[in-house]
2 protein chains.
Amino acid sequence: MPDDNFDLNLFLPYLLNQAAEASSLAFQQIYKDRYGMLRTEWRVLFHLGVYGQMTASEIGLRANMHKTKISRAVQKLTERRFVTRARDEGDRRLEHLTLTDFGHRAYDDLHRVAQRYDAMLTEGLTEVERDMLRGVLQKLAATRPRDFT
Amino acid sequence: MPDDNFDLNLFLPYLLNQAAEASSLAFQQIYKDRYGMLRTEWRVLFHLGVYGQMTASEIGLRANMHKTKISRAVQKLTERRFVTRARDEGDRRLEHLTLTDFGHRAYDDLHRVAQRYDAMLTEGLTEVERDMLRGVLQKLAATRPRDFT
DNA sequence: GCTTGTTAGTTACAAAATCAACTATTACAA
DNA sequence: TTGTAATAGTTGATTTTGTAACTAACAAGC
């Protein structure tokens, strides 16, 4: 009855999810414990930290996050004084988001953690493996659904 | 204000999640459209298809899924006649899960789709990249949270 | 100017995931 | 035995996500 003809653990969507979850766990614990953030909130914080001022939809575009997720994350981050919002005077639909000083300190902290964490994750890999891994993952992340039948 | 010192898109937990999501999308669409399954249900179905009869906690152990997720997935799969449950006579806490004929046909179908899909995902990669990718991802999937500060 | 369509962002409701508490059964040691 | 702990699995309450409908502001053609 078992199917020796297919190795589930090597099926890429499954394997990628396992790797992603396992390798996110300990970092997730840190931004949750230190700042009470969810994944969505961490992502918004980092986008603002890395790219500077952005609007919600710019973040959504870059992070592949739906606008409702971002809306809620921004609301939380604003309530907790990590982020401030400012209406665009030219186009009053737009809101420019920026980190507060407080938010910037949180970003600096987590950003340092992230760098050490990334180093830890890859310390078992060769130089070649590290480079190839990121290159291949970027290709896969750019995969847009298309027909394959 | 922007931080040129950190490339978010190369941060492994983030990059892995992006790759995992992008590369799961089209496959997810198929098991959802054809069989109305969720990710959890698809995973249980595949575990039973690949490994044969299993208990819920064996699946949880292999798939790194919480028992409540599995409990609910099994309930759905049983309602929809993909799976049958049988009490263990020796230890009446245990339930052995197996695919019905109907469930097996669904597995066979999706399993074929999965193989073609995997081939499509990796068609842009070299032989070396493919092998290294799966090897490295398996290492990362085995990452257990530990101290890195 | 007006209508029609588009974009930015929010809100409401439904679906799903998470967490804790629960039942039932077995293990095991006093 | 019998009392305590452990394991398998389920259920309920809460949180988070997903989907669709919504408001507000702008754009472009007539």
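Odds and ends about this structure:
- Per-residue mean of C-beta atoms belonging to partner chains within 10 Å, peptide B:105-114: 2
- Each other copy places its own label point for B:ASP109 at 5.2 nm from this one, sorted shortest first, where the point lies 7 Å along the Cα-to-beta carbon line.
- Accessible area buried at the B-A interface, both sides summed, 1.4 Å probe (Å², nearest 100): 6900
- Taking each DSSP H run with n ≥ 4 as -39500 (n - 2.57) and averaging over every residue of the protein assembly as shown yields -21000 deg cm²/dmol at 222 nm.
- Stokes-Einstein D (µm²/s) once Rh is taken as the Kirkwood radius of the protein assembly as shown over alpha-carbon pairs, at 37 °C in 0.692 mPa s: 156
- Shielding by other protein chains, B:49-56, mean Cβ within 10 Å: 3
- Surface accessible to a 1.4 Å probe, per residue, for the residues of the protein assembly as shown, Å²: 52
- Straight-distance candidates among the lysines for linking to B:LYS76, with alpha-carbon spacing under 17 Å and chain neighbours fewer than 8 residues away dropped: B:LYS32, B:LYS67.
- Nearest-to-axis residue of chain B, judged by beta-carbon position, where the axis maps B onto A, in Å: B:ALA20, 2
- For B:THR98, the residues 5 or more places off, or on other chains, whose built amide H falls under 5 Å of its own are B:THR84.
- 10 Å Cβ neighbours from other chains, averaged over peptide A:126-133: 4
- Other-copy label distances relative to B:ARG81, 7 angstrom Cα-Cβ extension, nm: 6.1
- A point 7 Å from Cα along Cα→Cβ stands in for B:ARG93, and the other copies hold the same point at 5.8 nm, listed in rising order.
- Here the stretch B:29-129 exposes an accessible surface that is 49 percent carbon and sulfur, computed with a 1.4 Å probe and the other protein chains kept in place.
The values are calculated or read from the model by the stated rules, or taken from the named source; none is laboratory data. From a predicted model like this one, the values you see are computed outputs, not experimental measurements. Positions of Cβ are backbone-derived with ideal geometry, glycine not excepted, and every protein chain shown enters the neighbour counts. Side chains are part of the model used for accessible areas, which takes the heavy atoms of the whole protein and leaves out ligands, DNA and RNA. Shrake-Rupley method; radii C 1.70, N 1.55, O 1.52, S 1.80 Å.
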